[in-house]
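First up is the structure itself, then whatever we jot down about it.
Throughout, read-outs are computed from the coordinates displayed, never taken from laboratory work. Quantities reported herein were computed from a predicted structural model and do not represent experimental measurements. Ideal geometry is used to build each Cβ from the backbone, glycine not excepted, and the neighbour counts take in all protein chains shown.
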Amino acid sequence: MSRLKSVFTIVSLIFALLTVGFTCFRIFRGSLADKMVHAKYEIQSIIQTGPEKEALPTVYLAELLDLSKNLPQNYFAFDEKKAEQKLLTSPVISKARVKKIRPNTIYIDYEVFRPIALWGDNINLGIDEKGHVFPIEPYFSLKRLPEIYFGKQEIEREKLEIALAILAYFEKRASFEETIVKMIDVEEAIHPSFGKREVVITLEEKGQTWYLRLTPHKFPEELNNFITLKSSYAASSKRKKVVDLRLSKVAYIEEVVD
């Protein structure tokens, strides 16, 4: 009898727990259902942060996440991981993290690819320091960026490294603070014939345009020679000059008629 009473007590306890659990679930489901349709929980704002202040318009981020005032999304139905995946479909976003903030705000922390040059062989394409290619407009305003020409519809890593090394050289030299690097042509930088290997750099400085012909792996020494040459070169009415510095201790200068 005592044993039967114990079994009854256990069964009653289980039933009570199930009843309470089911009731709580119904209350929770009802509360969630109310929140899923309540205007208070419609996503209304986006906060964006990153290394650069508002690198991209908030409207563009909202479009990527399918957020619209006409078709508002619910805070509780919004999936943060899926939102991150949508942001990374953008050709200019490199990293993204999304977090919801109650009751109706989405927080986005992201980074964009930063162009250091334009890909001269193509239209409206930029290159970052790692060789990643992405469109410039309409995501970035057109800046005074140098153009890099590879001579092909593809970027060869060795040519890219030479071009990046040249850009880094100019950034570190005070002698070129007032110089604009307009173009770097590395099409022949890794030519099978060593005698035909060269890079061509176009510089603008104080109304003068210089077209420099250099060797791919000795360009620092040759640019140092150019600094000396430029300071001692007599003024000329010709604003464009071609300077071949590929031979040691020799410079061939040709003045170009405008």
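Mean sequence separation of contacting Cα pairs (under 8 Å, at least six apart), scaled by the length of the range 85-152, corresponds to a relative contact order of 25 percent. Between A117 and I127, the built amide H atoms are under 5 Å apart, and every one of these is 5 or more places off in sequence or on another chain. Taken one residue at a time, the phi angles of the range 77-92 give Karplus couplings (6.51, -1.76, 1.60, θ = phi - 60°) of 8, 6, 9, 5, 5, 5, 5, 4, 5, 5, 4, 6, 6, 5, x, 10 Hz. Gly and Pro are set to x. Starting from the Cα of K81, draw a straight line to each of the aspartates and glutamates and keep only those under 19 Å, dropping any in the same chain fewer than 8 residues away. The qualifying aspartates and glutamates are E42, E63, D66, D109, E111. A simple spin-label model places the labels of K206 and K81 6.2 nm from each other, with each point 7 Å out along Cα-to-Cβ. Taking a straight line from the alpha carbon of K182, these lysines sit under 25 Å away, with near neighbours fewer than eight places off in the same chain left out: K130, K143, K152, K159, K172, K196, K206, K218, K230, K238, K240, K241. Between A251 and S45, the simple label model (points 7 Å from Cα in the Cβ direction) yields a spacing of 6.0 nm.
The charge dipole of the range 138-258, taken about its Cα centre with unit charges on the Cβ of Lys, Arg, Asp and Glu (plus for the first two, minus for the last two), comes to roughly 220 debye. Close amide H pairs (under 5 Å, H built 1.01 Å from N) link I136 with L125, G126, residues at least 5 positions away or on another chain. Phi angles of the range 155-169 translate, via the Karplus equation with coefficients 6.51, -1.76, 1.60 and θ = phi - 60°, into HN-Hα couplings of 9, 7, 4, 5, 5, 4, 4, 5, 4, 5, 5, 5, 4, 4, 4 Hz per residue; Gly and Pro are given as x.
Amide H contacts under 5 Å for S94: E111, V112, F113, restricted to partners 5 or more places along the chain or on a different chain, H placed in the peptide plane at 1.01 Å from N.
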